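Bear in mind that the values in this text are calculations on the coordinates, not laboratory data. These numbers were taken from a predicted model, which means no experiment stands behind them. Note: ideal-geometry Cβ built from the backbone for every residue, glycine included; neighbour counts use all protein chains shown.
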Amino acid sequence: MAIETDAQTSPVEHEAQETIALRRPDVPVTLAELAARKGEAIEILEARIEILRMLHKAALRAIAPEDVLLFKSPDEQGGQITGYLQDCGAERVRDFFGIEIFGVSAPEKILTNDPAVFHYIIRGSGRCKLTRQTIEAVEGGRSSTDDFCKDKKGAELELAVRKAARANLDGRIVRELAGLSNISAEDLRQAWEGTSKKLEQCRRGRGFGTRSERLGATSEKAPDVDPPVCAHCGTTGVYRPATDKRRAFYGCPKWDSHKDKKFIVDAEKWVADQAKRAPAESGGTPADRQGPPERSDPPITADQVFVKRDRDPGEEG
Ligand SMILES: [Zn+2]
């Protein structure tokens, strides 16, 4: 076993030092070696897991909302929300895990028929000093058509794409080695407790629908407005998504108790009326909405925050 101990120590002390050293996630150990230590093995494993768990939490805490792109799985699959750590965020947590990137290739330019459209790919390897995990021949890449290239051309465009390709390679290596490829929204929420960071400040990507869908009537999901109340029994209305045959509407969940009196409110019209009734909440330019809300304001809604276009992983600005 590759653990350095003082040659002067007794066998008992030597063993104790080994046990302590083995708690470090970077000290290699096999299952057979652990099994030979019987009871201590559990302690060693628990110590290793605890270190990695604390590290994971510290890394999540260091991540900023603008580093994260949220995705939602379809409602019928559970609707789980996960965070994608963008390249800029990966840079922020790299040192937590002692991640080294090496063997980086020269960037390779891939041309297309259109001289304005080209890609750069770049390969490299990475190792985590903490877990001793290594990944090789990882590929990163970017295109001249990506968002961040919009106003660039010539040498400036070349440089921007090449730089972003390298950042993408680093991001991929860090996400993989740090175990941050798919962050559960709940983990992020917990790690951000007691800070000013909120999940609602993250950009939303695939699975959340378009902005109009989030507000309007064609979505499977109820719009972000208070539903109407049944005029007959006072029960809060329930949203019913549109089908091929009818528009989305709100109905009474207790319609059974007053079959002779129907309660149906067109969802699109209801949402539009709510927007008119509360101009302060839905108005303003995107720039107006970026500052934190005043204390007396109603809580900021998702749609006041998510004004940017939807993005996919790898698309960063
Ligand atoms: Zn009713």
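For the peptides 238-251, 179-192, residues were scored by their other Cβ atoms within 10 Å and the scores averaged per peptide; the highest-first order is 179-192, 238-251. Partners of residue 254 within straight-line reach, counting lysines whose Cα lies under 24 Å from its Cα and excluding those fewer than 8 residues away in the same chain: 221, 245, 262, 269.
Under 5 Å between amide hydrogens, built in the peptide plane, is the criterion, and for residue 249 it picks out 240, 267 among residues at least 5 positions away or on other chains.
Neighbours of residue 232 by Cβ distance under 11 Å: Lys/Arg scored +1, Asp/Glu scored -1, total +3.
Amide hydrogen proximity for residue 129: with H placed 1.01 Å from N in the peptide plane, the residues at 5 or more positions away or on another chain lying under 5 Å are 99, 100. Each other residue within a Cβ distance under 14 Å of residue 129 adds +1 if Lys or Arg and -1 if Asp or Glu, for a net charge of +1.
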